[in-house]
Amino acid sequence: MREVRIALVSCLLLLTVTGRGQRRVPSVQGTEPNLVFAVSEHDFGEIKEEDGEVSFDYPFENTGTAPLILTKVIVSCRCTRADYSKKPVPPGGTGCVTITYNPRKQQGVFYKAIQVYSNSPERRQIIIAKGEVIPEPIKEGENEYTD
């Protein structure tokens, strides 16, 4: 009976130590990265469809005390593309997320929320790209519904 109790206590202790189902706790208190964007929203203004892609750099800084890693950047549609710093950014270091918007076959006002994930305590941040696409003029003799 004593051996069963020891085995049961050992299993419970093992589950407690492995932290199953528990929240993340920093290993060393006060050493965390911190992602801070210098600009979190950009208005491209009016974009002519025929002028093609436009891009904007969203610079950021790691104001924390540990290396910052951007884990993924999610865009909302195929008309938007993201490129970002993939190497760890040291404390005090800077990086950039570049958003490229393709106005082809788009028209009117757009508002794109881009999700930036990192190892910062605030796991997800949102940056915004917005503007208005002025459609390419229809040339004489063309039907607006064909390519």
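The values are calculated or read from the model by the stated rules, or taken from the named source; none is laboratory data. As the structure is a computational prediction, the values presented were derived from the model and not from experiment. Every residue, glycine as well, gets a Cβ built from its backbone with ideal geometry; the counts of neighbours run over all protein chains shown.
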_Against the condition basic (Lys, Arg) and in a loop (DSSP other than H, G, I, E, B), how does LYS87 come out, does it pass?_
yes
_Against the definition (at pLDDT 90 or above, of a type in the set (A, V, I, L, M, F, W, C) and not in a loop (DSSP other than H, G, I, E, B)), how does VAL17 come out, yes or no?_
no
*Being touching a Gly at 6+ places or on another chain (Cβ under 9 Å) and over 26 Å from PRO33 (Cβ atoms) is the filter; apply it to region 102-129 and report the residue that is surrounded by the fewest Cβ atoms within 10 Å (Cβ to Cβ).*
VAL109
*Where residues in region 49-84 are of a type in the set (A, V, I, L, M) and not in a strand (DSSP E or B), which of them is nearest to GLY108 (Cα to Cα)?*
VAL75
*If you scan region 63-101, which residues turn out to be buried (at least 18 other Cβ atoms within 10 Å of the Cβ) and either more than 17 Å from ILE126 (Cα to Cα) or of a type in the set (Asp, Glu) (or both)?*
GLY64, ALA66, VAL89
*Inter-residue pairs, beta-carbon under 7 Å, first free of Cβ contacts under 8 Å to residues at least 24 places away in the same chain and in region 67-86, second of a type in the set (S, T, N, Q), 6+ apart*: ARG81/THR100; ASP83/THR98
*Cβ pairs under 6 Å, 6+ apart, first in region 111-125 and under 18 Å from ASP43 (Cα atoms), second of a type in the set (Gly, Ala, Ser) and part of a strand (DSSP E or B)*: LYS112/ALA129
*Say we look at region 95-111 and pick out the residues that are of a type outside the set (A, V, I, L, M) and within 12 Å of the chain's Cα centre (by Cα); which of these is farthest from ARG81 (Cα to Cα)?*
CYS96
_Any pair with Cβ under 9 angstrom, 6 or more apart, that starts in region 34-58 at a residue that is over 30 Å from ASN119 (Cα atoms) and ends at one that is of a type in the set (Val, Ile, Thr) and buried (at least 16 other Cβ atoms within 10 Å of the Cβ)_ = GLU46/VAL133; ILE47/VAL54; ILE47/VAL133; LYS48/VAL133; GLU49/VAL133
